[in-house]
Amino acid sequence: MRVVAIGLMCGAMLCFTGLDTSSKWLGRSLPVAEIVWSRYLGAGFIALAVARPWSRSGAPRSNTLCHTVMKVSGTAAASTILRPETGSV
C-alpha cells in the first residue's frame, strides 16, 4: 500500500509540473484567460472521469440534519475565507 501511495504522489508531482510548464509555454502565444479556461475545463473533465458519478446509484446523503448543516456551513465558511478581496483600502 505504501508503494502505491508513493507512486501516486510522484505521478501527481509530474502532472502538476507538466501543467505549469505547459501553461508558461502557451502563455507566450495565447491570452492568459484562454489558458486558464482550458486548464480548468480539462481538469474538470479528468475529475469527472475519475469520479464517475453516473456509475453510482445516487449521491451520498447525510443521515441527520446536523451533518447536513455542518457540511453546508463548512463549505460556506471555506468559500468566504478563500475568496479574494475586491475592495480597495
(Q) Being exposed (fewer than 10 other Cβ atoms within 10 Å of the Cβ) and not basic (K, R) is the filter here; which residues of the range 15-39 pass it? (A) S29, A33
Q. If a residue has to be more than 14 Å from the chain's Cα centre (by Cα) and modelled with pLDDT of 75 or more to count, how many in the range 41-74 make the cut?
A. 11
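The values are calculated or read from the model by the stated rules, or taken from the named source; none is laboratory data. Keep in mind that this is a model prediction, so the values were computed, not measured. Here Cβ is always computed from backbone atoms with ideal geometry, including for glycine, and neighbour counts include all displayed protein chains.
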